[in-house]
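Notes follow once the structure below has been shown.
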Amino acid sequence: MFRGDEDRSPTRSGARGGARGGLGRTVGFVWAYLKANLAMEMEYRAAFFAQALSMVINDAMWVAFWVLYFTRFPVVAGWGRADVLALWAVVAAGYGAATGLFGNVLRLSQVIYSGGLDVYLTQPKNVLLHVLVSRTSASAWGDVLFGVGVFAWLCEPTPARLGLFLLGAGLTAVILSAFAVITQSLAFFIGNADTTASQLWNALVHFSTYPTGIFGGAVKIILFTVLPAGFISYMPVGLMRDADPGFIAAALGGAAVLTVLAVLFFRAGLRRYESGNLVTTRL
Amino acid sequence: MTRGSWLHRPGAQLAKYSAIAGVTTRTNLAYLADFFLRGIFLVVVMFVFVQLWRTTYGATGEARIGGFSLAEMIWYLAITESITMSFPRLSDTVDRQVKSGELAYALGRPYSYVLYLFSTYFGEAVVRFPVNLVIAGTVAFLSVGPPPVVLASVPGFLVAVFLALALNFVILAGIGLLAFWFEDTSSFALLYSRFLMIAGGMLLPLDVFPVAIRRLTLALPTNLIIYGPARLFAGQGTGAAAVWSLLGRQALWLAIFGLVLGGLFRLGVKRVNVQGG
């Protein structure tokens with residue numbers, strides 16, 4: 001399906017992003033996979049839309065909780081209803097972008113311990129990027145739709161705020177993806193890491209959707225380091241409300257460091273990977 | 001009268017379904033460590049709730065919110081989370097069995113399919129609930145001290161939890177049986193679970209809602225699945241009349257949804273075609 005694309009790539013340096021040509025090829029590669037994944041999902045159109053709609057309703061229920069909460073308590077720890085709506089818009093869009101573009105990001109551990117990496121190792125593309133983009137998630141697009149919808153409807157959109165929203169959603173997607181790659185790559189070292197990785201992922205997402213202001217002391221430090229939920233949940237305040245340059249720099253730096261760590265951790269794990277001689281066919 | 005009917009040797013029937021539930025319980029007990037490991041997320045959920053409500057009580061300066069003190073609120077949430085996380089993924093199982101045709105095999109066996117499902121569901125929930133209660137209760141205890149439960153209402157609470165699980169069962173099994181008519185029932189199951197989050201009082205006691213929404217949610221049976229038992233444990237509505245009212249409403253809705261489930265099952269089974277040998 002991507003033969004033409006792969007033929008144009010002389011090495012596996014597609015995702016190393018050194019030269020502009022390399023970056024362009026990588027973007028083209030991701031875009032081609034996205035189109036193919038969506039075309040595949042459209043084969044089961046009704047199921048795709050049902051899953052996307054389910055996720056919109058799921059997110060809407062959480063927002064309903066916060067609307068009810070802030071109706072009773074208008075300002076808590078410096079946060080108001082508008083901040084939490086912006087938080088949900090950013091997190092939902094970022095979460096959807098991460099799991100929509102990188103549909104395998106939450107199945108990486110399963111791919112690793114089942115020997116499913118073999119097929120990617122034989123192809124002339126960056127292994128990590130290739131495995132991540134090989135799949136999409138129907139419900140992810142419901143998250144994206146919800147995030148964009150909440151922003152457009154309830155977050156007083158202006159061109160400047162739209163830019164900050166997109167930056168926030170993009171940073172969220174990068175942080176979530178990098179964290180998931182690290183936790184899922186534990187499978188290289190401990191075998192079946194599904195439970196551990198999913199617990200850590202659920203914890204990250206859960207912390208990310210609550211106002212940072214309710215946490216203090218050591219927990220706050222953890223949320224801006226080990227479990228980087230603080231960067232995500234502070235996004236609507238630090239980015240969209242106050243446009244704090246210090247926070248923006250810290251969030252950009254944090255996302256970059258986490259991405260580098262994720263790539264290095266995956267590579268370190270890949271050196272330990274042993275083929276399971278799994279015979280698979282990819283059509 | 002069929003072989004699975006309760007009118008036929010009720011003692012033997014009870015023993016049969018108890019045995020099925022017992023096997024499921026023992027199977028789940030084999031994975032007790034895994035349940036506790038999965039409970040890490042429950043610790044996170046409870047921790048976040050404690051932080052949120054501590055901040056909320058501190059910010060408002062109110063000693064009681066919706067009639068709940070901070071300790072009662074945290075224990076209320078410990079019970080709502082324990083109950084919710086104890087629900088087995090029943091509708092997925094029924095959906096799969098209907099679509100794969102596995103249901104046809106069950107129809108030929110000497111048991112009622114619905115009661116068999118309930119036995120396996122209850123056999124799993126009976127392991128999950130105590131584990132969740134220990135985990136959520138530990139976080140609550142370390143955060144706000146012992147539970148405010150009135151000892152005399154403990155038996156009523158346990159019966160209320162059983163009826164809540166049963167009520168949830170008839171709704172989830174009904175959703176699963178919709179697979180006879182719909183391609184995918186997972187969306188219905190998700191809708192129901194998310195509706196429970198708000199209308200069931202999982203995230204907030206209904207007492208905190210604005211009056212109109214509170215009245216509406218109190219009129220719905222979903223409040224009997226989570227809010228009712230949790231409120232009782234949190235030391236609210238512990239009088240004998242209130243407890244009997246809760247149990248009576250649970251039993252009434254259980255009977256209504258049970259009849260609907262029976263009807264759905266009978267209609268669905270008519271659509272089953274058994275072929276081959």
For chain A, modelled as a Gaussian network with Cα springs under 10 Å, which listed residue fluctuates most, A:Val226, A:Val150, A:Val133?
A:Val226
Within the stretch A:180-283, which trypsin sites (Lys or Arg not before Pro) sit in a loop by DSSP and count at most 12 neighbouring Cβ atoms inside 10 Å?
A:Arg282
Computed, not fitted: 222 nm per-residue ellipticity of chain A from DSSP H runs ≥ 4 (each -39500 (n - 2.57)), nearest 500, equal to -22000 deg cm²/dmol
Give me the distance in nm between label points sitting 7 Å out from Cα along the Cα-to-Cβ direction at A:Thr71 and A:Leu264, one decimal.
5.0
Length released on extending from B:Val269 to B:Arg89, taking residue separation times 0.36 nm less the Cα-Cα span:
62.6 nm
Which of A:Ala262, A:Ala250, A:Ala187 moves most in a GNM of chain A, Cα contacts under 10 Å?
A:Ala250
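Is the shape of the protein assembly as shown best called rounded, prolate or oblate, per the rule: a/c under 1.5 gives rounded, else a/b larger than b/c gives prolate, else oblate, with a ≥ b ≥ c the square roots of the Cα gyration tensor eigenvalues?
Taking the square roots of the gyration eigenvalues as a ≥ b ≥ c, the protein assembly as shown is oblate.
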Largest first and to the nearest Å, give the Cα extent of the stretch B:179-277 along each principal axis.
58, 27, 23
On alpha carbon coordinates alone, what is the Rg over Rh value for the stretch A:111-187, Rh being the Kirkwood radius?
1.11
From the Cα gyration tensor of the stretch A:79-228, with a ≥ b ≥ c the square roots of its eigenvalues, which class applies: rounded if a/c is under 1.5, or else prolate if a/b is larger than b/c, or else oblate?
oblate
So what's the convex hull volume per residue for the Cα atoms of the stretch B:10-269, in Å³?
140
7 Å from Cα along Cα→Cβ at both B:Thr60 and A:Met40: what's the point-to-point distance in nm?
4.9
Which whole-Hz ³J(HN,Hα) couplings does the stretch A:171-179 yield from phi under the Karplus relation 6.51 cos²θ - 1.76 cosθ + 1.60, θ = phi - 60°, glycine and proline marked x?
4, 4, 4, 5, 4, 5, 5, 5, 4
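Just so you know, all these numbers are worked out from the coordinates, no wet-lab data involved. Remember, it's a predicted structure, so these values are computed and weren't measured experimentally. Reconstructed Cβ throughout: ideal geometry from the backbone, glycine too, with neighbour counts over all protein chains shown.
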